[in-house]
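Comments concern the structure below.
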Amino acid sequence: MPTFPLVKVVGGGLAGCEAALQLARAGIRVRLFEMRPVRSSPAHRTAGLAELVCSNSLKSTDPGTASGLLKGELELLGCRLLQAARLAAVPAGAALAVDPQAFSRQVESLLDRAAGVELVREPVEVLPEPRPDQTWVICSGPLTTPELVARLGELTGRPALHFFDAIAPTVTLESLDLSVLYRAARYGKGEADYLNIPLDREGYLALHRDLVAGEKVPVKDFDRADLFEGCQPIEEIAASGEMSMAFGPLRPVGLEDPRTGRRPHAVIQLRQENLAGTLYGLVGFQTRLKFPEQKRIFRSLPGLERAEFVRYGQMHRNFFLDSPRCLERDFSLKGRPDVFVAGQITGVEGYVESIASGLVTALHVLARIRGLVLPPLPAASMLGSLLHGFLFDATSDRFSPMNANFGLLPDLAERLRGKKERKAAKATRALSALADWPGCGIL
């Protein structure tokens, strides 16, 4: 039986860092490759490991949400990055919002203290022929270099797939007119950690007109059909209908203005982006508007007339594999059992989902090293429905990324009327099923 005493992990994002930490925890030697700062990408801002786009990238902790349930399952498996996230958390109601830089430092500290982990700051652009003394875990992310994309295409015999993603702008708190804004959390859940911009009908329609008419950055090979639904640019939402924003990211329900007692026509929320509370992000305002247009349009909003932008929104193209046709059930490449894949390039979408992919793939690598074969994750769990259900479902000819969601979980045996009750029952069943999975005890 071949053994793999050295595991080379490519990519210092969330999946790669989680995989490296889990393998090191089991006593496996790990060489973690990160291309930054030697080489960067359009979406990266720092050379830090486990870089997040915004403070709310890790989403809700509410077990009644898919992201909350996923976190609960990851806790059962001993997720290391969730531990780091809690140490870097900032106030955000029911969300696990973190200071991105503090989170990155926490992850780097975990890796520094992990025995057997070597960090190499250089890009990996080729994958050598198989060797019995090493294995690879490719966690290079949606912005994988063209050279590595080409190599993966050669190994899988299938062309790379892609979708377009976008990020939202960030402004400084001191540049905002706080007399115009008000603090509130939707439906009063948790602390009032969000700043809210109330818009009347006239202001909303003016914003709608500006967004639709605003000059956009041309993106090569851009097609609206290739946009990821969870990160639609705000101007694309506006273009789909006059009231689309008001029923989407600008919905005012549960955000009554405490100064008037009334619900505005629409509400723009701003979320704290760092521990110091000096930076705020425009929630739902992912965009590919040109930078001068962003400054002009967003400064026309109440309270943002003098807004200082520390980061403008932008769009980038994300790469992923056709996983149902390229991967084995243990997340190794078909025809190359020494090469495993994890993170967003597998087709999971979202940061917590990427962490989950890195953790579960590490468990399969560890099982291989020990001469074991892990059974599939239970279908009743969120991890199982996403990683062993969705990723290997070849029903559709057009595979596209997906977040964790309750729609992936199988129906309950008993009929429950309330949506909240059904989700709670599915969550209880999921955690119970995962607790019995053999992978829970492999570390």
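What follows draws every value from the coordinates through simple rules; no lab data is involved. Keep in mind the model is a prediction, meaning the values are calculated, not measured. As a convention, Cβ positions derive from the backbone with ideal geometry for all residues, glycine included, and neighbour counts pool all protein chains shown.
Treating r as the C-beta distance of Cys440 and Ala413 and R0 as 30 Å, the FRET efficiency rounds to 0.80. Axis angle, to the nearest 10 degrees, between helix 66-76 and the longest C-alpha principal axis of the chain: 40 degrees. Among the lysines of the chain, pairs at least eight places apart or on separate chains and with Cα atoms under 23 Å apart come to 19. Counting only DSSP beta bridges with both residues in the stretch 1-154, the antiparallel share comes to about 20 percent.
Please state the shape class of the stretch 1-100: rounded when a/c is under 1.5, otherwise prolate if a/b exceeds b/c and oblate if not, all from the C-alpha gyration tensor. Mind dumping the intermediate values first?
Details: a/c = 2.70, a/b = 1.31, b/c = 2.06.
Oblate.
Could you tell me which of rounded, prolate or oblate describes the stretch 306-443, using a ≥ b ≥ c as the square roots of the eigenvalues of the alpha-carbon gyration tensor, with rounded for a/c under 1.5 and, failing that, prolate when a/b is larger than b/c and oblate otherwise? Since a/c reaches 1.5 but b/c is at least a/b, the shape of the stretch 306-443 is classed as oblate. For the stretch 244-389, the calculated P(r), taken from all Cα-Cα distances in 5 Å bins from zero up to the bin holding the longest distance, is 2, 8, 12, 14, 12, 10, 10, 10, 10, 7, 4, 2, 1, 0 percent. If both residues of a DSSP beta bridge must be in the chain, then about 60% of such bridges are antiparallel.
If you sort the three axes of the alpha carbon gyration tensor as a ≥ b ≥ c, you get a/c of 1.5 or more for the stretch 114-158 and a/b no higher than b/c, which makes it oblate.
Measuring nothing but how far apart in sequence close Cα pairs (under 8 Å, 6+ apart) lie, relative to its length, the stretch 1-62 scores a relative contact order of 33 percent. Over all projection directions, the Cα-based convex hull of the stretch 167-316 averages an area of 8.8 nm². Counting neighbouring Cβ atoms within 10 Å and putting the fewest first, the residues Val360, Val53 line up as Val53, Val360.
Between Asp393 and Lys334, the modelled labels are 1.9 nm apart [label points 7 Å from Cα along Cα→Cβ].
Nothing charged except the Cβ atoms of Lys and Arg (+1) and of Asp and Glu (-1): what's the magnitude of the dipole of the stretch 167-316 about its Cα centre? Round to the nearest 20 debye. Provide the component values of the computation, followed by the final result.
On the way: 20 positive and 21 negative charges, 34 e Å.
Dipole magnitude for the stretch 167-316 comes out near 160 debye.
Farthest towards the positive end of the charge dipole of the stretch 167-316, among the residues Gly284, Ile297, Ala184, is the Cα of Ala184, using unit charges on the Cβ of Lys, Arg, Asp and Glu. Normalising the average separation of contacting C-alpha pairs (under 8 angstrom, six or more residues apart) by the number of residues puts the relative contact order of the stretch 169-301 at 36 percent. Taking other residues whose beta carbon is less than 15 angstrom from the beta carbon of Asp133, and scoring Lys, Arg as +1 and Asp, Glu as -1, yields +3.
The Cα-based radius of gyration of the chain, divided by its Kirkwood radius, gives an Rg/Rh of 0.97. The coefficient of translational diffusion for the stretch 48-187, derived via Stokes-Einstein from the alpha carbon Kirkwood radius under 10 °C and 1.306 mPa s, stands at 85 µm²/s.
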